[in-house]
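The values are calculated or read from the model by the stated rules, or taken from the named source; none is laboratory data. The structure presented is a predicted model; accordingly, all values stated were derived computationally and were not measured. Counting neighbours? That spans all protein chains shown, and the Cβs are built from the backbone with ideal geometry, glycine included.
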Amino acid sequence: MKPVMISCCPIDDQKPGTSGLRKKTRVFMQPGYLENFVQSVFNAIGGAEGKTFVVGGDGRFFNAQAIQTILKMAAANGAAKIIVGQNGLLSTPSASHLIRLNKTDGGLILSASHNPGGPDEDFGVKFNTSNGGPAAEQVTDAIYEQTRELSRYFILPAGDVDLSQTGQKLMGDMKIEVIDPVVDYLALMETLFDFDKIRALFASGFTIRFDAMHAVTGPYAKAVLEETLGAPAGSVLNPIPLEDFGGGHPDPNPTWARTLMDLMMSDKAPDFGAASDGDGDRNMVVGKGIYVTPSDSLAVLAANAHLAPGYKAGLTGVARSMPTSTASDRVAAKLGIECFETPTGWKFFGNLLDADRATICGEESAGTGSNHVREKDGLWAVLLWLNILAERGQSVEEIMLEHWQTYGRDYYSRHDYEAVPSDAAADLISALRDRLPNLPGHSFQGMNVSNADEFSYSDPIDGSISKNQGLRIIFKGGARAVLRLSGTGTEGATLRIYLEQYAPPDTDLTMNTQDALGAVKRAIADISQLESFVGRSEPDVVT
Ligand code: G6P
Ligand code: ZN
């Protein structure tokens, strides 16, 4: 069978965002659209000839069809081998692990992460490089250049491959290895955590509810938590991946994981609650009656990681994205290790992890992970929490209180204004950018600005510079507001306002978060003239 060359026209809207190319599913389903991007990936990396890739996705609508197209294009472009998850399923962290474990040339991950799935919802494709991490900006820029120049792509006119059974297959000359998505991931987790200790915790009656949100972590969580660690059957909620995530929004935060939140705040709450997103890289952690912010979770995991076997030698450093609260910086200072502040997007942690300058990384957007893979990893975070709970023999609430009494507390919340007209959002940011130099020394709603700038990152490993990564306004008294536009949406703009107020250890550590942030919220609304640009003063989503 011979590859077919198809003539095509360049496409000008395929610029990868924070995490790969995300569009409405119907956009991806247009003839040649996916093909244009995939061929551009192959071209941008010097061709696919003789190379091996991992391919899999979160099971959303169009996943199965897209994988068949990618397999046929990889075969036509001369790839030697593709490792693909059974039924086309791979969580993002497990895909990252497989790329590293099998020393492949990279992987294509099909997901729009926490965005809803279905014919009228979202789809996405992301290319990860051979270190297992999302391609760096130089690579995504090269892919984008290709998409705007492409005049032909190659595809093998083969029939679809049956991916429902594991084993070796052939497509033309290309080998296809269909693997169980869970096996290698589970083996990796066993090297990092004290499974006997966690097993004993469950055996002692400790209870958990893990909400897989009808997404890809279901099979992983069942295999790890229920079948391996002995959590009772039914501990994993919504475990079967569905093409439309049951009509839900698979984003593990207090708004979208409402049912779990309500359970955790009720008198029927289990000891521990957790949830993961569409592709399994995000996590939410909730104790009985207490929600743990992702920023606090990062700080607690960094402070206690040495209790798990995989991290007993200690951490080399901790990295967080700029809008993430500064709680983990204080932990790093106490541990005497480096801490890093990077732009939003997991890809910025890649160099630090590869150079062993950071061991644990995290983001306010519910991502935490470590050097075990090059993606954030939802189930990993849950297992590290369980290992810490098993070692310390305390509740989540006790651990949080002790943490704040040691380091102080960063009251923290993100306010999202969704579906803002793109022009209005851009105007707000550009007007605020212009005002930044004049803000320090002035007071707004009783809050005095001490510093204001636009974040720019200089990568300490390769020296690359990333500009325009968010506006920061720092207030006297330990408060901070950050504004940026989301890079993962597919419609209009989402304005994110990140609010933080530090409370030292000897102050009130148990205030209501939104109350503690009231002053900084009012100040930034005033400074940014939020209502006049956006037409609203209350957010759609509060995390
Ligand atoms: C994805 C990325 C994260 C990032 C998040 C928020 O999940 O993998 O690294 O923090 O998107 O991005 P956004 O641009 O929507 O704030
Ligand atoms: Zn995700």
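Among the residues of region 402-427, those identified as among the hydrophobic types (A, V, I, L, M, F, W, C) and part of a strand (DSSP E or B) are A419, V420.
Regarding R392, is this residue in contact with a helix residue (DSSP H, G or I) (Cβ under 7 Å, 6 or more places away or on another chain), more than 14 Å from P294 (Cβ to Cβ) and away from ligand 1 (no atom under 13 Å from the Cβ)? Considered against the rule, which asks whether it is in contact with a helix residue (DSSP H, G or I) (Cβ under 7 Å, 6 or more places away or on another chain), more than 14 Å from P294 (Cβ to Cβ) and away from ligand 1 (no atom under 13 Å from the Cβ), R392 comes out as yes. Of all residues in region 472-500, none satisfies the criterion of being under 14 Å from P440 (Cα atoms) and within 16 Å of ligand 2 (Cβ to nearest atom). Applying the condition of being over 11 Å from the mean Cα position of the chain (by Cα) and crowded, with 24+ Cβ neighbours inside 10 Å to region 362-373 and asking which residue is nearest to ligand 1 (Cβ to nearest atom) yields V373. Checked against the criterion of being in a helix (DSSP H, G or I) and over 16 Å from S113 (Cβ atoms), region 248-256 has no qualifying residue.
Only a single item in (1) under 20 Å from P93 (Cα atoms); (2) away from ligand 2 (no atom under 16 Å from the Cβ); (3) in a loop (DSSP other than H, G, I, E, B) is not met by W385, and it is number (3). One residue alone among M171, M213, M264 is surrounded by 19 or more Cβ atoms within 10 Å (Cβ to Cβ) and not assigned by TED's automatic domain parsing to the domain that holds T359, and that residue is M171.
Only one of the numbered conditions (1) touching an Asp or Glu at 6+ places or on another chain (Cβ under 9 Å); (2) outside the structural domain of A355 (by TED's automatic domain parsing); (3) over 30 Å from Q14 (Cα atoms) is violated by A136, and that is (3).
In the condition set (1) over 17 Å from Q394 (Cα atoms); (2) part of a loop (DSSP other than H, G, I, E, B), E341 is compliant with all but (2).
Counted as qualifying within region 487-543 are no helices (runs of 4 or more DSSP H), as none has 3 or more residues that are free of Cβ contacts under 8 Å to residues at least 40 places away in the same chain and surrounded by 15 or more Cβ atoms within 10 Å (Cβ to Cβ). Pairing residues of region 456-479 that are farther than 14 Å from T326 by Cβ with residues that are of a type in the set (D, E) and part of a loop (DSSP other than H, G, I, E, B), at Cβ distances under 9 Å and at least 6 apart in sequence or on separate chains, gives I465/D459; S466/D459.
Scanning region 277-321 for residues that are within 16 Å of ligand 1 (Cβ to nearest atom) and more than 21 Å from Y412 (Cβ to Cβ) returns G278, D279, G280.
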